Amino acid sequence: MSLLEVKDLSVHFHDARPERFAVGGISFSMEEGEILGLVGESGSGKTVTAMCLSGLLPVGKADKGGSITLDGHEIFACSEKELNRILGREMTVVFQEPMTSFNPLYRIGRQIEEGLYVHEKKLSAAERKERALDAMVRSGLNDPEQVYRKYPHELSGGMLQRAMIAAAIVTNPKLLIADEPTTALDVTVQAQILELLRDLNRKHHMAILFISHDLNVVRKLCENVIVMKRGLIVERGKTRRVFRRPEHPYTQELIAAIPGRERLLYRDEAEGYDAGNL
Ligand SMILES: Nc1ncnc2c1ncn2[C@@H]1O[C@H](COP(=O)(O)OP(=O)(O)OP(=O)(O)O)[C@@H](O)[C@H]1O
Ligand SMILES: [Mg+2]
């Protein structure tokens with residue numbers, strides 16, 4: 001059984017034209033420990049797909065169809081209580097804007113511990129702190145004791161994104177959904193976050209659904225990729241193959257738009273950065 005099975009998933013927002021589906025019936029699966037990339041232009045349905053997976057689609061605004069099974073649990077059939085148990089324990093989500101995901105009034109450490117309050121109620125305060133500090137170290141936050149006491153506005157964008165990741169991995173989920181986690185960051189920090197995700201995957205066998213509009217970023221991290229356009233999957237396969245020999249005209253366009261593609265391929269291979277080698 002796959003870790004995640006998505007079958008014929010569709011979403012139609014009530015305020016959209018009848019024929020315009022945000023997600024138009026997509027199917028894919030993920031194995032434990034897999035890193036899967038999901039790419040596509042703005043509005044292609046990536047975030048809506050992530051929201052369905054994580055049960056965050058606003059109630060009463062859209063009709064949805066199909067099925068999503070995570071580790072044997074049918075997400076659409078879950079009660080709110082069951083969903084809360086799965087969310088944050090089996091699967092967590094990191095979004096693009098860390099600043100809006102943290103509450104400005106609480107210290108970072110308290111917010112990283114949030115998932116533990118919900119999912120591991122038996123932990124003592126000292127144990128919770130230990131787990132939070134460990135997640136912070138694993139997320140590449142140097143001096144975690146100090147960051148633990150800070151408020152969100154006292155951290156840089158890169159540090160906040162790391163803190164978001166720490167909050168997402170503190171419960172050791174099997175699947176991490178990362179929706180454009182590096183888009184708002186500068187290139188150096190972006191590379192560090194990619195390296196961090198790779199590390200989490202290797203050391204902890206965490207599956208990652210990595211969402212980006214940028215195929216070039218996906219290429220560095222994901223062995224497999226799905227390309228979406230207007231709510232549909234137009235191409236899927238090994239990232240390496242898709243990048244070298246895209247079959248769908250839309251994927252060809254996406255790749256042609258990456259500046260200096262040949263040079264990038266050459267350099268990344270020299271640095272062992274080709275996800276096909278993973
Ligand atoms: N809350 C909402 N209400 C109505 N329509 C929505 C809502 N959220 C998304 N949509 C529509 O669903 C479609 C898919 O949007 P989605 O946010 O999934 O795109 P995306 O692929 O994540 O794009 P981006 O790269 O810009 O993040 C779009 O047409 C969008 O307008
Ligand atoms: Mg999006």
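Values for this structure:
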item	result
Cα-centre dipole for the chain with unit charges at Cβ (Lys and Arg positive, Asp and Glu negative), debye to 20	80 debye
Built amide H within the under 5 Å cut-off of Val23, gap 5+	Val11
Environment charge at Ala132 (Cβ cut-off 9 Å; Lys +1, Arg +1, Asp -1, Glu -1)	+1
Debye log10 I(q)/I(0) at q = 0.11, 0.13, 0.14 Å⁻¹ for the chain, Cα point scatterers	-0.64, -0.89, -1.03
Cα-Cα P(r), segment 1-44, percent of pairs per 10 Å interval	23, 43, 27, 7
Per residue, the convex hull volume that the Cα atoms of segment 1-90 enclose (Å³)	100 Å³
All lysines inside 26 Å of Lys229 as judged from Cα atoms, apart from same-chain residues fewer than 8 positions distant	Lys7, Lys46, Lys61, Lys64, Lys220, Lys238
Under the Karplus curve 6.51 cos²θ - 1.76 cosθ + 1.60, θ = phi - 60°, whole-Hz ³J(HN,Hα) for segment 178-191, x wherever Gly or Pro sits	10, 9, 6, x, 10, 4, 8, 9, 6, 4, 5, 5, 4, 4
Rounded D (µm²/s) - segment 44-114, Kirkwood Rh over Cα pairs, Stokes-Einstein at 37 °C, 0.692 mPa s	236 µm²/s
Amide H partners (placed H, <5 Å) of Ile208, local residues excluded	Glu34, Ile35, Leu36, Leu176
Contact order relative to length of the chain, as percent, for alpha carbon pairs under 8 angstrom and 6 or more apart	25 percent
Largest-first ellipsoid semi-axes for segment 182-225, taking √(5λ) over the Cα gyration tensor eigenvalues, angstrom	17, 13, 8
Shape call, segment 132-224: gyration tensor on alpha carbons, a/c limit 1.5	oblate
Under the Karplus curve 6.51 cos²θ - 1.76 cosθ + 1.60, θ = phi - 60°, whole-Hz ³J(HN,Hα) for segment 150-162, x wherever Gly or Pro sits	7, 9, x, 5, 8, 10, 6, x, x, 5, 5, 5, 5
Value of relative contact order over segment 134-207, rounded to a whole percent, pairs C-alpha under 8 Å and six or more apart	33 percent
D (Stokes-Einstein, µm²/s), Kirkwood Cα radius, segment 72-219, 0.890 mPa s at 25 °C	157 µm²/s
Under 5 Å, built H, 5+ apart or other chain: amide partners of Ala62	His14
Cα principal axis extents for segment 93-166, largest first, Å	32, 23, 21
Centre separation in Å (Cα based) which lies between segment 26-98 and segment 114-181	21 Å
Backbone HN-Hα couplings from phi across segment 233-247 [Karplus 6.51/-1.76/1.60, Hz, Gly and Pro as x]	8, 9, 7, 8, x, 5, 4, 4, 5, 4, 6, 8, 9, x, 9
Proximal charge balance of Glu195 [Cβ under 11 Å; K/R count +1, D/E count -1]	+2
Simple Cβ-charge dipole of segment 159-262, Lys/Arg +1 and Asp/Glu -1, about Cα centre, in debye nearest 20	420 debye
Cα-centre dipole for segment 1-144 with unit charges at Cβ (Lys and Arg positive, Asp and Glu negative), debye to 20	480 debye
Debye-sum result for segment 1-158 in log10 I(q)/I(0), which assumes one identical scatterer on each alpha carbon, at q = 0.19, 0.20 Å⁻¹	-1.25, -1.30
Net charge of Cβ neighbours under 14 Å - reference Ala22; Lys, Arg +1; Asp, Glu -1	+3
Excluding exposed DSSP-loop GluC sites (Glu not before Pro) (at most 11 other C-beta within 10 Å), longest clean stretch of the chain	20-270
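A short reminder: the numbers here are calculations on the coordinates, not readings from a lab. The shown structure was predicted, so the numbers you read here are calculated from the model rather than taken from an experiment. Please note: Cβ atoms are built from the backbone with ideal geometry, for glycine as well, and neighbour counts cover all protein chains shown.
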